[in-house]
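To start, the structure under review is shown below, and the notes come after it.
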Amino acid sequence: MITERIPRPVAGEYAPFYAGYVAEVPDGDVLALLERQGRETFDLLSALPEDRGAHRYAPEKWAIKDLAGHLADSERIFSYRALRFTRGDERPLQGFDENDYVRSAMALRRPLVEIARELHVVRQATVALFGGFAPEALARSGTANDARVTVRALAWIIAGHERHHVRILHERYLTG
């Protein structure tokens, strides 16, 4: 029985700026974690009253809706990188400015539950994508944002990125 379908990446498989995200993820089956996270984050966001979606914990910080949209956008980008690399595409991929994406998304115009559903569907697609990769494809790598990254590292980065933002959501947005 394989308990770790996508093994934890080691330093050197991702840029140092992703180390914190990878460290946030507990050992074990990252695909099972991604599935569980998707359900838990959907439940959390969809249970919030609509008026909380515009809440910011400080004036220049993102609103809850912005944060949820950022998670969906980032996950799509990380998954696209993984797809490209598993298919042998060697062309370097640009980074993205998350603040520009958030501004352009205009999430405050959308219902929070709609953004939560979108994020959940994106996560389901991510799990299906990574679950279909052959073991040798997980070891492939490419360049994104001027740094080499393996496909398996991208799965762990996605999981850690969400853990990071959900922790911030609990600590800074949903207190008091």
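Bear in mind these aren't lab numbers, they're just calculated from the coordinates by the rules spelled out. Note that the structure is a prediction, hence the values are computed from the model and not measured. With ideal geometry, Cβ positions are generated from the backbone for all residues, glycine too; neighbour counts draw on all protein chains shown.
For the chain, the Cβ-based charge dipole about the Cα centre amounts to some 160 debye (Lys, Arg positive; Asp, Glu negative; other atoms uncharged). Whole-percent P(r), the chain, all Cα pairs, 10 Å bins from 0: 10, 38, 35, 15, 2.
Given the C-alpha centroids of the stretch 1-73 and the stretch 123-148, what is the distance between them in whole angstrom? When both Cα centres are located, 17 Å separates them.
On a 0 to 90° scale, report how tilted helix 30-47 is relative to the longest principal axis of the chain, with both axes built from alpha carbons and the result rounded to the nearest 10. Between the helix axis and the principal axis of the chain, the angle is about 10 degrees.
Between the amide H of Ile6 and those of Val30, Leu31, distances stay under 5 Å, these residues lying 5 or more places away or on another chain, with hydrogens modeled in the peptide plane. Around the Cα centre of the stretch 1-93, unit charges on the Cβ atoms of Lys, Arg, Asp and Glu (plus for the first two, minus for the last two) sum to a dipole of about 220 debye. For the chain, the longest principal axis of the Cα atoms and the long axis of helix 64-86 meet at an angle of about 10 degrees. Which stretch or stretches of the stretch 119-152 have amide N atoms under 20 Å from the point lying 7 Å from Asp97's Cα along the Cα→Cβ direction? From the stretch 119-152, the list is 144-147.
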